[in-house]
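Heads up, the thing below is written out as structure tokens.
The values are calculated or read from the model by the stated rules, or taken from the named source; none is laboratory data. Note that this is a predicted model, so its numbers are computed, not measured. Here Cβ is always computed from backbone atoms with ideal geometry, including for glycine, and neighbour counts include all displayed protein chains. Only protein heavy atoms, including side chains, enter the accessible area calculation; ligands, DNA and RNA are left aside. Shrake-Rupley method; radii C 1.70, N 1.55, O 1.52, S 1.80 Å.
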Amino acid sequence: MAGRKKRKSSKLLVNLVLGFICLIWLVPTLGLFISSFRPAADILSTGWWKVFPHQSWVKSGETVQLSKDLDLREPIEVGGRTFTDEQLKSGVMVDGERLMWENRRARTLSVMEQGWQFNPALTLDNYKNVLSGKEYRLKAADGSETVQRGSGMSQAFWNTLTIAVPATVIPILIASFAAYAFAWLRFPGRKTIFAIIIAMLVIPLQVALIPVLKDYTALGLNGSYLGIWLAHTAFGLPLVTYFMYNFISQLPKDLFESAFIDGASHFTIFSRLILPLSVPALASIGIFQFLWVWNDYLVSLIFIGNQPDVQVMSMKIADLVGSRGNDWHLLTSAAFISMLMPLAIFFLLQKYFVRGLMGGSVKG
């Protein structure tokens, strides 16, 4: 009985900790999602939680008129009390009400009281500007005004998809072949080569960018999709190979012995046995590789460039912020648009995710 209560309390504690961690992640995500539908002026003036009913200081309709020639450098008397100019800028409490400058130049004060506010002003303009391009108003020398629309994210979306799909499939396919060879084939230097591949996990990819870029320039691969596919394949192979090796090496040896007795070749064993059995592991590492390539900025910037016809979504989102950072309300909408494809991939393959991560961790 005591043991059962202890297990229940331990399970409850674990659930509470996990719930708290999920809450920490969900709250800023919810705030980002709500901000993506708010007008730019509201985002700059109030927090995202102001869209829900909340208590706030609202103007009661009463205005206090002070003397027009009042010197603001001196103490200001209001209702028998004195305040400074700085205090009235931030607001002061008087008999349960709040006094605040309404028009400092006209020397008028607003009387504010606590009340419920609900500001559900939501709009789809942010998403429209992101998808179809933001409108820019340009004034000519003669005073005339023209409206131009910038490029949207559709081209960047297809560019990113064109890069991400092959850059996910190619390294996983090559790493699966390599993992099978390291796990079940015997050849000279097998352990040494595998150790070198594992050692490459700790090498930052940044140290290889300049040498690879020089070789790409000499071979004419820089700025091409083939070049970026090869770059992502090379940078992703060590982790994918190690991950697939841990899974394939734990498969029952009897399967291979039976296949060899039936006359199956290594290619037949790999295609008919290894790949079907490795679907959970392939799905798991595929999610990681796809997310890494989809969200990549540095590798794409180096090897394919930032031209509008080839730039990926991460570059396009960075451009949406604007040169002065004043368009960051568009960044929230663009961020959720860029999340659609990774979320679709994750939910499509989530049933394999845990099984793939646990594959090879235990025997039997």
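Annotations for the structure displayed:
- Taking the convex hull of Cα positions in the chain, its mean projected area over all directions (nm²): 34.0
- Those residues of the range 247-262 whose amide nitrogen sits under 20 Å from the label point placed on Ser271, 7 Å along Cα→Cβ: 256-262
- In the chain, taking the dipole from charged Cβ atoms about the Cα centre, the farthest positive-side position among His266, Asn126, Ser90 is held by His266.
- Fully extending the segment from Asp309 to Leu72, taken as 0.36 nm per residue of separation minus the present Cα-Cα distance, adds 79.6 nm.
- Pair Leu26, Thr63: separation of 7 Å Cα→Cβ label points (nm): 4.6
- Full extension of the chain segment joining Phe118 with Leu301 gains 61.5 nm, where the gain is 0.36 nm per residue of separation less the Cα-Cα distance.
- 0 to 90° range, to nearest 10: angle between helix 2-35 axis and the chain longest Cα axis: 60
- Exposed loop positions in the chain were taken to be trypsin sites (Lys or Arg not before Pro) whose DSSP state is not H, G, I, E or B and which have at most 15 other beta-carbon atoms within 10 angstrom. Between these positions, the longest stretch is 187-323.
- Within the accessible area of the chain (1.4 Å probe), percent carbon and sulfur: 64
- Computed per residue of the chain from DSSP H runs no shorter than four, each worth -39500 (n - 2.57), the mean residue ellipticity at 222 nm is -18500 deg cm²/dmol.
- Annotation: per residue accessible area for the chain equals 61 Å², rounded to a whole number [probe 1.4 Å, protein chains only].
- Across the range 223-337, Cα pairs under 8 Å and at least six residues apart give a relative contact order of 29 percent.
- Vicinal HN-Hα couplings computed from phi for the range 104-112 (Karplus, 6.51 cos²θ - 1.76 cosθ + 1.60; Hz; Gly/Pro x): 5, 5, 7, 6, 10, 10, 8, 9, 10
- Fully extending the segment from Thr217 to Ser9, taken as 0.36 nm per residue of separation minus the present Cα-Cα distance, adds 68.7 nm.
- Selection from Val78, Val111, Val17 lying farthest towards where the dipole of the range 8-117 points positive, charges on Cβ: Val17
- Modelled FRET efficiency - R0 51 Å, Ala199 with Leu16, Cβ distances, 0.05 increments: 0.80
- With the simple spin-label model, which puts each label point 7 Å out from Cα in the Cβ direction, the Phe346 to Ile210 separation comes to 3.7 nm.
- Taking the Cα centre of the chain as origin and assigning +1 to Lys and Arg Cβ atoms and -1 to Asp and Glu Cβ atoms, the resulting dipole is close to 1660 debye.
- Among the chymotrypsin sites (Phe, Trp or Tyr not before Pro) within the range 1-96, not one is in coil by DSSP while having at most 16 neighbouring Cβ atoms inside 10 Å.
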